[in-house]
Amino acid sequence: MKKKLAMILIVLLIGMSVLPTATVLAADTDEKPSTEQGDGTTNEGNTTTQSGNGESAGSAKNARDKNIFNTGTDPLWSFVNIDVPEQALVGQEFEMNITVKNMGTGSGMFPEFRFTEESDRKALSHFTVVSGTDGVYDTMLTEVKGGETKTFTIKMKVNPETKELPEGSKYRINCMIASDNWQVKGEKRYNAVQSFDLEVVYALSDPSFVVEKVTFNPAVTAGVKETTATLVLKNISQSKANNVTATLEGSYITNGGESNSGEKNITVRDLSSTKQLYNIKGNQTVTVDYKLELNEDRKNNEMKLTIDYNGAEKPQEILLNMPLPLQENKGGKEPKVIIQRYNVDPSKVLAGNYVTLNLFVENTNNLAVNNVSIQLDVPTETSSSGGTVSSGTVFSPVDSSNTFYIDRIDGKQTALKTISMYVDPNATAKTYVVPVNIKYESTDGTKYESSDNVNIPVTQESKIEIISSNIPTMGNVGEPINVSMEFVNVGKVNLTNFKVRMEGDIPGKEENVFYLGTFNASENNEYSATIIPEEEGVLSGSVAMSYIDADNQEVSMEIPFSIEIGPAIDYGDMTEPMEPIPEPGLLDKLKQHWLPIVLGIVIVVQAIILIRIKRKAKAEEELIDG
């Protein structure tokens, strides 16, 4: 920073000292062309006069010879060339060479490149500028003088989540150069923009190995019991594997499924069966040697090669059928054609996608074979819906039938047959056994037949979709907040160990755990939880879902939320005092008890009448007697 400020001050002082001649070019001063260095510096051929912007200035003729324009103190940028690779790999870095020229008479101070995407120049989302910030690459140059041409090598990286576009489509990147003039004020300007297209493709992100060839020295013939096998091993991915080890082991000899005294068909006689191969780059080929002892009682030539490297989740195992004659075929007249090995690409086969099956067909005999016919018995699946039963082929070969031909396989040679197949979108996630029938002829026309199996694992993509959610955005301390969410398994496979829980600093999150166990395909369910906030502020957290998918991998997804928590509600202010109930008056009491009072009056009146009747009768009775 100090260096940059010092250079600015020097440029300003020089400009002020010659300000009266700022726009006048020196008369007819010849200049020798400058020589550019790899770091952006320039060696001047001779001393020239200075213009007001602190630059070398020549005559108008020299400006025309250099194909520059009189722009005074301002630069004028132009893109000469942008050299980018034909393809860029997802998750990998790539280099581009950008050549620009300052066609103005003014210097471009502190130039930088800015990268955007698409025609509307959005910020970078699929790419990242290595050693840059927010799509900006600083050239670290102080000045590019008028007429100078510079080439910059810039590294960019394709983000891992970037998708491969359909065939014929590419990503568009815009490159803009910006700089100051010698006055160095305000934001950088004097821009030129050039766009270029880039094709993005997937590559194997993890190292993967194949055995391309095996040779033996000495060649194994009758009576040979020891030989040295040379394996040609290739890393077919784009990624480097560090600290690689390769371990070769023979198979135990079996009789009727039981091991025969622990003997192996082929034994590695090196001091160690594990070889250190160190680091292997992507697409690099290496060789490894093993001393082998051949058991004359062996029933097959199978050996297992285990490859491990730093960072591998688990070692890669390759089953090798070593191209060696068996003891029982002493005459060597009957040729034998087998599937030496096979692999599928991509290794993770998704239903509804395309898969390439690579069959390595080996002739184990010294004699050649002709007219080799390979037939795949592709599996089918039967499904029923609404009483209708339908059957579909799981693997459908693309642009061919199920039968493939190889004209000739020489003795002890292996032929590669590549088969492209489409996987049924509704295929059940499991490993399918594909029988392979091989028919061939010996050199004398005798027909032979053999069979083998290849295993192709198919998986279905798992996916959870949120149907609806109810998450309040406001609440109060001490008041319950109800959170609910409805979701559905929109994939075609059942998910196991399905669990929904709260994540974050959420009070009582331990009680708000929903464990479903198995979440079947096409089913829906609901999660509900209650949160009682304990303090004011913003309550941030997420609803987290986790499960085990069809590949036995743990998958998790989170739905974040944020709730504004206010103070506790004071219910005491909301309660009004009750007025005392007045004592009832005499009239109110009479109204309440009118029936007993009336009955009492009737009884009293009747009693008085009876008494009077009795008195009158008694008086009349005394009058008669008297």
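The values are calculated or read from the model by the stated rules, or taken from the named source; none is laboratory data. Quick caveat, the model's predicted, so the values are computed rather than measured. As a convention, Cβ positions derive from the backbone with ideal geometry for all residues, glycine included, and neighbour counts pool all protein chains shown. Keep in mind that these areas ignore ligands, DNA and RNA; they rest on the heavy atoms of the full protein, side chains included. Shrake-Rupley method; radii C 1.70, N 1.55, O 1.52, S 1.80 Å.
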query: If the Cβ limit is 9 Å and pairs must be 6+ apart or interchain, which residue in the stretch 409-422 that is under 28 Å from N353 (Cβ atoms) pairs with which residue that is surrounded by fewer than 19 Cβ atoms within 10 Å (Cβ to Cβ) and among the small types (G, A, S)?
result: I419/S400; S420/S400; M421/S396; Y422/G352; Y422/S396
- line: The condition of being surrounded by fewer than 20 Cβ atoms within 10 Å (Cβ to Cβ) and among the aliphatic types (A, V, I, L, M) holds, among V224, V200, only for V224
message: Given the condition open to solvent by 30 Å² or more (accessible area, probe 1.4 Å) and without any contact (Cβ under 8 Å) to a residue 40 or more places away in the chain, answer yes or no: does some residue in the stretch 172-182 qualify?
response: no
- line: G508 fails exactly one of (1) open to solvent by 50 Å² or more (accessible area, probe 1.4 Å); (2) out of contact with any Asp or Glu (no Cβ under 6 Å at 6 or more places or on another chain); (3) modelled with pLDDT under 90, namely (1)
- prompt: Do you know which of the residues in the stretch 530-553 that are part of a strand (DSSP E or B) and free of Cβ contacts under 8 Å to residues at least 40 places away in the same chain is surrounded by the most Cβ atoms within 10 Å (Cβ to Cβ)?
  reply: G541
query: Would it be correct to say that K163 is over 30 Å from G72 (Cβ atoms), assigned to a strand (DSSP E or B) and open to solvent by 20 Å² or more (accessible area, probe 1.4 Å)?
result: no
message: I'd like the full set of residues that are more than 20 Å from V100 (Cα to Cα) and over 20 Å from the mean Cα position of the chain (by Cα), limited to the stretch 160-197.
response: E167, G168, S169, Q183, V184, K185, G186, E187
Residue ID - surrounded by the most Cβ atoms within 10 Å (Cβ to Cβ), chosen from residues in the stretch 454-496 that are among the acidic types (D, E) and in contact (Cβ under 8 Å) with a residue 60 or more places away in the chain: E461
- request: Answer with yes or no whether L248 is in a strand (DSSP E or B) and either within 44 Å of the chain's Cα centre (by Cα) or not hydroxyl-bearing (S, T, Y) (or both).
  value: yes
- request: Look through the stretch 444-453, keep the residues that are open to solvent by 60 Å² or more (accessible area, probe 1.4 Å) and among the polar types (S, T, N, Q), and return whichever of them is farthest from I338 (Cα to Cα).
  value: N453
query: For the stretch 108-140, how many residues meet the condition of being closer than 30 Å to I68 by Cβ, part of a loop (DSSP other than H, G, I, E, B) and either open to solvent by 20 Å² or more (accessible area, probe 1.4 Å) or out of contact with any strand residue (DSSP E or B) (no Cβ under 9 Å at 6 or more places or on another chain) (or both)?
result: 3
message: It is to be established whether one or more residues within the stretch 321-333 are closer than 24 Å to G411 by Cα and without any contact (Cβ under 8 Å) to a residue 12 or more places away in the chain.
response: yes
